[in-house]
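A.B. asks: Take a look at this one; I'll ask things after.
The values are calculated or read from the model by the stated rules, or taken from the named source; none is laboratory data. Everything numeric in this text was worked out from a predicted model, so none of it was measured. In this analysis, Cβ positions are derived from the backbone assuming ideal geometry, glycine residues included, and neighbour counts consider all displayed protein chains.
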Amino acid sequence: MTKMLNETINCSPDIWQPMRQQQVFRGLLDSFSYPGRITPCADHETSACLSILIALVDGETTLADPQQLLSSALWARLETHPCVSEKAAFILLDGASEPDFDPCIGTLDAPETGATILLRVAALHHDLTGNFSLHLSGPGIESTTSISVDGLHPAWIAARQEWVSAFPLGVDFVLCDEHNFVAMPRTTQITMGDAA
C-alpha cells in the first residue's frame, strides 16, 4: 500500500486538463457538502487520491508526502511546494499507518488554514462489510450515516477527534480508495464500531 502512486496506477493524460480537474473539484465540493457520501472520482483511469491532488494543489500551496508516495516526476507535474507535515496545507498518507505528527489546525483568526489530510485506504464500502465501520453525524447529514473502510488504522479517527476538538480549528479528512473518495470535514462527528 505504500508504493508510489505512479507504480500502482495508470495516470490518464486527461486528468491534467482543466475541464477534468474542474469535474474532480466539483465532486470534492459535493462530497464535503454531504459528509460520508462515497463519491466516484470523475477520472476513472487515475487514482482518486492523485486526481484530488491534481485538482487542489498548485504553485501557491504546500504538500507533505512523508511516506514518499509521489514520484519525483509527479512532484514536478504538481508544481507544489514540499513541506513538513506539521505545516503543510495538504498531507498525503497511507491510511494503514498510524499518525505520528500533529498537523496545522489553523488559528482563531484563520481557521481555514487547517490542513486537509488525504488518506489512501484499500476500500470504501456503502454498507458495513469492511474491516470497521464509521458512523457519521453533523452538518450535511440527515440524522446519521454509516460507511465501512478497509485499510484505515483506527488511530486516525482518535487523532482526528483531538485535532477537531477546538472548533473552528481543526483538519479535514478525505479518504480515497482506488476510484472513490469520501470527505469528512472538521464539523463531522465520527464514532467507530466493528463492521460485519
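A.B. asks: In region 5-15, which residue that is closer than 24 Å to ASP94 by Cβ and assigned to a helix (DSSP H, G or I) is modelled with the highest pLDDT? I'd like the intermediate steps shown before the answer.
C.D. replies: As a first pass, look at region 5-15 and keep what is closer than 24 Å to ASP94 by Cβ: 5-12, 15.
Those left that are additionally assigned to a helix (DSSP H, G or I): 5-8, 15.
Details: LEU5: 49, ASN6: 46, GLU7: 42, THR8: 40, ILE15: 78.
Among those residues, the one meeting the criterion is ILE15.
A.B. asks: Across region 58-73, which residue is farthest from the chain's Cα centre (by Cα) among those that are closer than 21 Å to TRP16 by Cβ and either crowded, with 19+ Cβ neighbours inside 10 Å or of a type in the set (Asp, Glu) (or both)? Steps first, answer last, please.
C.D. replies: To start, the set of residues in region 58-73 that are closer than 21 Å to TRP16 by Cβ comprises 58-63, 65, 69-73.
So of that shortlist, the ones also either crowded, with 19+ Cβ neighbours inside 10 Å or of a type in the set (Asp, Glu) (or both) come out as 58, 60, 63, 65, 69-70.
Details: ASP58: 17, GLU60: 19, LEU63: 13, ASP65: 13, LEU69: 14, LEU70: 15 Å.
My answer is GLU60.
A.B. asks: I would also like to ask the following. Are there any pairs, at least 6 apart or on different chains, whose C-beta atoms fall under 8 Å, with the first in region 57-70 and under 17 Å from CYS176 (Cα atoms) and in contact (Cβ under 8 Å) with a residue 24 or more places away in the chain and the second among the polar types (S, T, N, Q) and not in a loop (DSSP other than H, G, I, E, B), and if so, which?
C.D. replies: LEU70/ASN6
A.B. asks: Residue check: is THR2 under 21 Å from GLY95 (Cβ atoms) and either at pLDDT below 90 or out of contact with any helix residue (DSSP H, G or I) (no Cβ under 9 Å at 6 or more places or on another chain) (or both)?
C.D. replies: Details: under 21 Å from GLY95 (Cβ atoms): yes; either at pLDDT below 90 or out of contact with any helix residue (DSSP H, G or I) (no Cβ under 9 Å at 6 or more places or on another chain) (or both): yes.
So THR2 fits the description; yes.
A.B. asks: Considering each residue of region 88-125, count those that are loosely packed, with under 15 Cβ neighbours inside 10 Å and touching a Leu at 6+ places or on another chain (Cβ under 8 Å), and give that number.
C.D. replies: Number satisfying all stated conditions: 2.
A.B. asks: Which members of region 131-166 meet the condition of being in a strand (DSSP E or B), among the small types (Gly, Ala, Ser) and more than 22 Å from SER97 (Cα to Cα)?
C.D. replies: So in region 131-166, the residues in a strand (DSSP E or B) come out as 132-137, 144-150.
Still in the running and among the small types (Gly, Ala, Ser): 133, 137, 146, 148.
SER137, SER146 - these are the residues of region 131-166 that are in a strand (DSSP E or B), among the small types (Gly, Ala, Ser) and more than 22 Å from SER97 (Cα to Cα).
A.B. asks: Among LEU169, LEU175, which is outside any loop (DSSP other than H, G, I, E, B), within 18 Å of the chain's Cα centre (by Cα) and touching a residue at least 60 places away in the same chain (Cβ under 8 Å)?
C.D. replies: None of the other options fit; the residue is LEU175.
A.B. asks: Can we say ALA159 is in contact with a helix residue (DSSP H, G or I) (Cβ under 8 Å, 6 or more places away or on another chain), surrounded by 18 or more Cβ atoms within 10 Å (Cβ to Cβ) and not polar (S, T, N, Q)? Let's see the steps before the verdict.
C.D. replies: Working: in contact with a helix residue (DSSP H, G or I) (Cβ under 8 Å, 6 or more places away or on another chain): no; surrounded by 18 or more Cβ atoms within 10 Å (Cβ to Cβ): yes; not polar (S, T, N, Q): yes.
When the stated conditions are applied, ALA159 does not pass them.
A.B. asks: While we're on this one: Please give the number of the condition ALA76 fails out of (1) surrounded by fewer than 18 Cβ atoms within 10 Å (Cβ to Cβ); (2) within 18 Å of the chain's Cα centre (by Cα); (3) of a type in the set (A, V, I, L, M, F, W, C).
C.D. replies: Checking ALA76 against (1) surrounded by fewer than 18 Cβ atoms within 10 Å (Cβ to Cβ); (2) within 18 Å of the chain's Cα centre (by Cα); (3) of a type in the set (A, V, I, L, M, F, W, C), the one that fails is (2).
A.B. asks: Filter region 33-51 for residues that are hydrophobic (A, V, I, L, M, F, W, C) and out of contact with any strand residue (DSSP E or B) (no Cβ under 8 Å at 6 or more places or on another chain); which is farthest from GLY140 (Cα to Cα)? Lay out the reasoning, then the answer.
C.D. replies: If we filter region 33-51 for residues that are hydrophobic (A, V, I, L, M, F, W, C), which is where we start, we get 38, 41-42, 48-50.
From what's left, out of contact with any strand residue (DSSP E or B) (no Cβ under 8 Å at 6 or more places or on another chain): 42, 50.
Numbers: ALA42: 22, LEU50: 25 Å.
Top of the filtered list is LEU50.
A.B. asks: Tell me which residues, restricted to region 94-116, are within 16 Å of TRP163 (Cβ to Cβ), out of contact with any Asp or Glu (no Cβ under 8 Å at 6 or more places or on another chain) and not in a loop (DSSP other than H, G, I, E, B).
C.D. replies: Of everything in region 94-116, those that are within 16 Å of TRP163 (Cβ to Cβ), out of contact with any Asp or Glu (no Cβ under 8 Å at 6 or more places or on another chain) and not in a loop (DSSP other than H, G, I, E, B) turn out to be PRO111, GLU112, THR113.
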